[in-house]
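Asker: Before we start, here is the structure in question, set down as structure tokens.
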Amino acid sequence: MGDRDRGDRQKWNRKYRDKGPESFGSEPAEWLVAHRDLLTPEPHGRALDVACGNGRNAAYLARLGFTVDALDVSGVVIAWLRERVDREGLSVHPRCCDLTRGPLPPREYQVVLNFNFLQRDLFAALKDATAPGGLVVFESFTRLQVELPRGPSDPEHTLEAGELRRAFADFEILDYREKTLFPEDVQKTRAMASLVARRPDR
């Protein structure tokens with residue numbers, strides 16, 4: 001593990017220890033819930049949630065009937081999530097995984113999630129992990145976020161205008177937006193790019 005990779009793991013372990021996993025929210029992402037009608041699982045359908053955090057989106061998919069592989073770099077949050085899924089009987093399989101090293105699980109998934117996380121060299125792997133006819137649901141910060149009080153301040157961790165659409169141009173893009181979201185708490189203002197795309201069924 002390189003210094004940067006180790007630093008990312010230490011950073012997120014510290015955040016989850018200091019704040020507690022629950023403090024990062026328990027409700028699934030609005031963008032995911034808004035597209036529930038597209039998330040009709042096949043029998044024993046599988047889903048993948050990369051950089052899953054406290055599992056709020058993975059838990060939502062499990063309640064819809066998916067079996068979810070939930071990956072995150074933080075061993076602290078993965079240990080917490082394992083206890084949660086055992087307690088609640090969720091069909092979620094948490095695993096500590098450094099997404100900057102090694103391939104994604106060599107399986108095919110009906111749904112692949114990527115929320116609030118950007119690793120550009122992972123785009124191809126996310127596509128490969130998606131079954132023909134399966135969905136990628138992706139939402140992360142844009143460059144406008146750098147000027148806002150919450151979220152990543154490093155342009156390397158934010159999307160350029162139109163970048164997400166271009167990255168999945170070989171998929172069928174079912175919904176796409178780039179939008180600044182203004183909740184009541186101005187400190188939580190977010191500039192996001194959001195996508196739902198289907199892998200061609202061939």
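The values are calculated or read from the model by the stated rules, or taken from the named source; none is laboratory data. In this text, all values refer to a predicted model and were calculated from it rather than measured experimentally. Neighbour counts run over all protein chains shown; Cβ positions are idealised from the backbone, glycine included.
Asker: Pick from region 22-34 the residues that are modelled with pLDDT of 70 or more and within 15 Å of the chain's Cα centre (by Cα): which of them is surrounded by the fewest Cβ atoms within 10 Å (Cβ to Cβ)?
Answerer: 27
Asker: Now, a different point. Does residue 19 qualify as being surrounded by 13 or more Cβ atoms within 10 Å (Cβ to Cβ), modelled with pLDDT under 75, over 14 Å from the mean Cα position of the chain (by Cα) and of a type outside the set (S, T, N, Q)?
Answerer: no
Asker: I've got another one for you. I'd like to verify a number: residues in region 149-193 that are at pLDDT below 90, among the charged types (D, E, K, R) and exposed (fewer than 12 other Cβ atoms within 10 Å of the Cβ), how many?
Answerer: The qualifying residues number 4.
Asker: When residue 3 is evaluated against the numbered criteria (1) exposed (fewer than 12 other Cβ atoms within 10 Å of the Cβ); (2) at pLDDT 70 or above, which criterion, by number, is the only one it fails?
Answerer: The number of the failed condition is (2).
Asker: Quick test of your reading of the structure: residue 127 fulfils all but one of (1) more than 23 Å from residue 47 (Cα to Cα); (2) of a type outside the set (S, T, N, Q); (3) under 16 Å from the mean Cα position of the chain (by Cα). Name the failing condition by number.
Answerer: So the condition that residue 127 fails would be (1).
Asker: Output the residue which, of all residues in region 30-53 that are outside any loop (DSSP other than H, G, I, E, B) and of a type in the set (D, E, K, R), is farthest from residue 195 (Cα to Cα).
Answerer: Going through the qualifying residues, I end up with 46.
Asker: A further question follows. On the given criteria, is residue 136 crowded, with 21+ Cβ neighbours inside 10 Å and farther than 18 Å from residue 192 by Cβ?
Answerer: no
Asker: Moving to a separate point now. I need every pair where a residue in region 85-106 that is within 14 Å of residue 67 (Cα to Cα) and free of Cβ contacts under 8 Å to residues at least 60 places away in the same chain has its Cβ under 6 Å from the Cβ of a residue that is in a helix (DSSP H, G or I) and among the hydrophobic types (A, V, I, L, M, F, W, C), sequence separation at least 6 or different chains.
Answerer: Pairs that qualify, where the first residue is within 14 Å of residue 67 (Cα to Cα) and free of Cβ contacts under 8 Å to residues at least 60 places away in the same chain and the partner is in a helix (DSSP H, G or I) and among the hydrophobic types (A, V, I, L, M, F, W, C), are 90/59; 90/62; 91/62; 92/58; 92/62; 92/85; 94/78; 94/81.
Asker: Return a yes/no flag: does region 42-51 have any residue that is of a type in the set (A, V, I, L, M, F, W, C), modelled with pLDDT under 95 and either surrounded by fewer than 22 Cβ atoms within 10 Å (Cβ to Cβ) or closer than 29 Å to residue 178 by Cβ (or both).
Answerer: yes
Each row is one residue, and each column tells you yes or no for (1) crowded, with 17+ Cβ neighbours inside 10 Å; (2) under 24 Å from residue 125 (Cβ atoms); (3) modelled with pLDDT of 95 or more; (4) under 14 Å from the mean Cα position of the chain (by Cα).
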| residue | (1), (2), (3), (4) |
| --- | --- |
| 70 | yes, yes, yes, yes |
| 73 | yes, yes, no, yes |
| 76 | yes, no, no, no |
| 79 | no, no, no, no |
| 83 | no, no, no, no |
| 91 | yes, yes, yes, no |
| 96 | no, yes, no, no |
| 99 | yes, yes, no, yes |
| 102 | no, yes, no, no |
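Asker: How many residues does region 85-133 contain that are among the aliphatic types (A, V, I, L, M), in a strand (DSSP E or B) and under 19 Å from residue 196 (Cβ atoms)?
Answerer: 4
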